[in-house]
Structures are given as C-alpha cells and as structure tokens.
Amino acid sequence: MLFQEFTRQIYVICYLWTVVFISCTTDLAAQQRSIKCLGNDSVWNILTPYFCAPDSLKDRKGNYRSVFDNYDSKQVQLKANWRERRMKIKKKWHSMMGVWPPLLEKQLFEIIDTIDKDTYYKHLVKFYLTPQEQTEAYLLVPKGQGKKPAVITVFYEPETAIGEGKPNRDFALQLTKRGFITLSVGTKNASERQEFSLFYPTIEHAKVQPLSMLAYAAANAYHVLANHIEVDASKIGIIGHSFGGKWAMFASCLFDKFTCAVWSDPGIVFQQDRASVNYWEPWYLGYHPKPWRKRGLITARNPAKGLYPQLISEGYNLHELHALMAPRPFLVLGGAEDPIERWVALNHTIAVNRYLGYENRVAMINRPNHEPNRESNEIAYLFFEYFLKE
C-alpha cells in the first residue's frame with residue numbers, strides 16, 4: 001500500500017509540471033501538443049494507481065447485496081446470464097422509479113448566439129430536455145477539422161462549467177481546451193425555484209422519480225450532441241459534481257451510449273447520516289407532492305417519503321446501478337461524501353468486469369473536501385483523454 005501511494009505521488013508530481021503549462025497557456029494547439037507528447041503509455045501510467053483499491057479494502061464487499069444474485073436469490077452462473085441479470089436490474093429500477101418517456105433522438109440544436117473565443121466557438125443553444133421542457137445550454141466547439149470526442153457536463157446551471165462560477169468547476173472549459181466538444185447543461189430555472197430537478201409530466205403529479213428524469217434528460221442531451229456534425233457519437237462521456245455527480249452517475253448507468261463517466265463526490269451509495277448524500281429529498285428519489293418535507297437529515301419528525309423508504313427497507317442500493325456500467329469505464333472523484341472506503345461498494349462492479357474478462361474499468365481518486373481541486377480534476381481530464389481519444 002505504501003509503494004502504491006509512493007508511485008501515485010511520483011506520477012502526479014511529474015504530471016503537474018505539465019498541467020501548469022497546459023492550464024496557464026491560452027494557446028489551444030499548444031495545450032493539445034503538450035498532452036499528446038505525454039504519450040498514451042505515460043497517461044496510463046499516471047492513471048493506473050487510481051484503478052487499484054488499497055490492500056486493506058481490496059475485494060471486500062461489505063453488506064451490499066451481491067449484484068450476481070437475481071431477485072429470486074438464484075446466482076448468475078454464465079456470462080450470457082449476466083446480460084439477462086443486467087436487464088433485470090435495469091428493468092427493476094425503472095419499474096420502481098418510473099418508466100421514461102420515449103427518447104428525443106432526432107432533435108438538433110437551435111443556436112441562439114455564437115461568440116468566437118479565438119481557439120473555440122461558444123454557442124448558446126436551445127433544445128428539449130423532456131418532451132415539454134426546453135433548456136438553454138452552452139456548446140463549446142474547438143476550432144479544427146474532423147470529428148471530435150465530446151463530454152456533457154451537468155450542474156444546477158450551465159454557466160459554472162464554462163468558467164463563470166466557482167473555481168475548479170469549469171469542466172467544460174478545461175475539456176474544450178483539450179480538444180473536446182462540450183455541452184454544459186443545467187436546470188437553472190428549477191434551481192432558482194429551489195426545485196432543482198425535472199418533474200414529469202408535472203411537479204404536482206410526477207410519474208418518474210426526478211433523479212431518473214435527470215438521467216433521461218442527459219440521454220436526450222447525448223442525442224442532440226451526437227447529431228452535431230463535428231461530434232464523434234461513439235466517444236461521448238459525461239461529468240458532474242455534487243448534484244451534477246448524482247445526475248452524471250444515474251445518466252451513465254441508465255443510458256448505455258455514454259462511453260465513460262466521471263462522478264465527482266455525489267455520494268455513490270446511500271448513507272443517511274450525511275446531509276449531502278440526500279437521495280431521500282423530493283427532487284431525487286423521494287418525490288412526493290408539495291408541500292415538501294423540510295430539507296435535511298431524516299428524523300422521526302421529518303421522515304423521508306416517496307420511493308426512498310421502500311428502497312432502504314427492501315435492501316436496494318446504488319451499487320446495483322454501478323454494475324450497469326460494466327464494462328464501460330468510470331472514475332469517482334471522491335471527496336467528503338465519497339471517502340476511500342467507497343471501494344467496498346465499487347468492488348462489486350470490479351467483480352462484474354472481471355467476470356466479463358475486463359480489468360481497469362473502475363477508478364477513484366480521493367481528496368479531503370467536497371469541493372473539486374486541481375489534482376482530482378486533472379485526473380478526470382486525463383481519464384477522458386485516455387478513454388475518448390485515440
């Protein structure tokens with residue numbers, strides 16, 4: 001374990017000298033050359049330590065129900081049966097959370113405004129998140145010929161990810177500097193109303209849990225982005241932090257076309273003593289008609305409502321959804337809500353990948369605080385470099 005940590009630090013220190021140049025220069029071509037000169041092997045050497053659980057946590061499964069156990073208690077025995085088991089997991093969660101409306105696969109962006117930012121174009125665009133709800137988002141397109149990989153960023157509003165918010169949350173801007181087309185999506189109007197999420201068909205009578213509807217909206221964002229002439233539709237990832245981390249996690253797990261994903265400190269499994277791992281809130285998995293429960297921890301006087309109590313009482317947890325990612329790769333940027341002990345949950349998806357014949361598909365980097373920092377962000381960007389580019 002000490003050697004593993006020493007190796008990780010050596011790679012990170014060497015890489016951060018390159019990061020300083022990449023982050024400080026405004027020359028997009030120079031940034032891309034700097035990353036390219038690292039070489040694929042060097043990038044992988046930097047990433048490798050984050051695909052390894054500490055020895056003390058390796059292969060530990062905890063009290064989480066095995067994802068190989070069918071809901072009738074019979075265990076999966078063959079790889080072919082995993083496909084069937086996977087379908088059952090997905091079908092079961094959709095049946096509990098509510099079935100999605102048909103996806104909006106044919107829509108194109110309505111471009112409202114375009115600004116030439118020297119090395120990329122910043123487009124203000126409009127498209128449908130749901131059959132009846134349009135949103136404004138930012139599409140950043142690096143200059144240059146040919147198809148490009150792309151990443152969707154999700155958050156409360158779309159401005160933060162393009163560099164108009166708190167530090168170290170400008171995922172879209174930084175990825176665009178690295179040659180990715182990015183689409184920054186948010187729920188700005190709902191967030192301003194303190195409703196945060198998407199409610200279908202109405203907030204008074206939602207038939208789908210709001211967090212699942214966010215995943216549905218991200219799937220529609222995938223399609224409108226994939227329909228863009230410059231996007232390589234086979235290489236689209238998704239990233240989000242906190243609220244956006246929950247959104248990115250559910251989207252990538254429930255929608256198979258995301259090539260890979262990065263989840264920043266969402267709380268990757270249920271934990272009822274952490275106020276920010278609040279899947280019980282009515283804008284996540286605890287929908288109930290207004291008036292809503294008081295925001296905060298579950299107490300006898302302020303109980304959870306809606307689907308969430310059922311999920312807890314029947315032994316469901318989010319590691320089942322993680323398993324739907326296999327063999328697609330994902331990275332957890334763990335902070336205060338996702339400490340290193342989360343490897344116990346992640347080990348279940350690692351086991352699925354090994355069962356299917358894959359290694360190095362589940363990764364995590366840990367930081368002490370909830371807020372993103374430079375080091376973990378750079379690992380996220382390298383992760384996308386490795387899995388979305390040649």
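The values are calculated or read from the model by the stated rules, or taken from the named source; none is laboratory data. Please read all numbers here as calculations on a predicted model, not as lab measurements. With ideal geometry, Cβ positions are generated from the backbone for all residues, glycine too; neighbour counts draw on all protein chains shown. The protein model used for the area step is the full one, side chains on, heavy atoms only, and it has no ligands, DNA or RNA in it. Shrake-Rupley method; radii C 1.70, N 1.55, O 1.52, S 1.80 Å.
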Projected area, mean over directions - segment 264-335, Cα convex hull, nm²: 5.5
Extension gain, residue 45 back to residue 226 (0.36 nm per residue minus Cα-Cα distance, nm): 62.1 nm
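With the full set of protein chains in place, find how many percent of the accessible area of segment 51-182 is carbon and sulfur; take the probe as 1.4 Å.
Numbers: 3390 of 6900 Å².
Roughly 49 percent of what the probe reaches on segment 51-182 is carbon or sulfur.
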Around residue 62: net Lys/Arg minus Asp/Glu count, Cβ-Cβ under 13 Å: +3
Spatially proximal aspartates and glutamates relative to residue 61 (Cα-Cα < 14 Å; intrachain offsets below 8 disregarded): 69, 320, 341
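Can you work out the accessible area per residue across the chain, with the rest of the protein chains kept in place, probe 1.4 Å, in square angstrom? List each step's numbers first, then the result.
Details: 16650 Å² over 390 residues.
The answer is 43 Å² per residue.
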Note, ³J(HN,Hα) from phi for segment 333-341, Karplus 6.51, -1.76, 1.60, rounded to Hz, x at Gly and Pro: 8, x, x, 4, 8, 10, x, 4, 5
Calculated P(r) of segment 146-191 - Cα pairs past 18 Å, %: 25
Furthest towards positive pole of dipole, 220, 272, 363, structure part the chain, Cβ charges: 272
Stokes-Einstein translational diffusion, segment 190-292 - Kirkwood Rh over all Cα pairs, 0.890 mPa s, 25 °C, in µm²/s: 171
Rg and Dmax of segment 245-365, Cα atoms only, in Å: 15.1, 49
Cross-link partners of residue 305 among aspartates and glutamates (Cα-Cα below 13 Å; sequence separation of 8 or more within a chain): 281
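Counting alpha carbon pairs within less than 8 Å and at least 6 residues apart, what relative contact order, in whole percent, applies to the chain? Don't skip to the answer; put the middle values down first.
Details: 739 pairs, mean separation 63.8, N = 390.
Relative contact order of the chain: 16 percent.
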Radius 11 Å from Cβ of residue 304, net charge of other residues (Lys, Arg +1; Asp, Glu -1): +1
Intensity falloff of segment 114-235 expressed as log10 I(q)/I(0), Debye formula with alpha-carbon point scatterers, at q = 0.15, 0.18 Å⁻¹: -0.67, -0.92
Carbon + sulfur, % of accessible area of segment 248-376 - ligands and nucleic acids excluded, 1.4 Å: 51
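Nearest-5 percent of antiparallel DSSP beta bridges in the chain?
The antiparallel fraction comes to roughly 45 percent.
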Sum of -39500 (n - 2.57) over DSSP H runs of 4+, divided by residues of the chain (222 nm, nearest 500): -11500 deg cm²/dmol
Stretch gain in nm, segment residue 55-residue 116, where the contour uses 0.36 nm per residue and the Cα spacing is subtracted: 17.0 nm
Selected from 47, 62, 346, residue furthest toward positive end of dipole (the chain; charges at beta carbon): 62
Point-to-point label distance, residue 386-residue 314, nm (Cα→Cβ direction, 7 Å offset): 3.7
Value of Rg to Rh for segment 347-390 (Rh from inverse mean 1/r over Cα pairs, i.e. Kirkwood): 1.07
Under the Debye formula (equal points on every Cα, no solvent term), log10 I(q)/I(0) of the chain at q = 0.07, 0.11, 0.12 Å⁻¹: -0.30, -0.77, -0.92
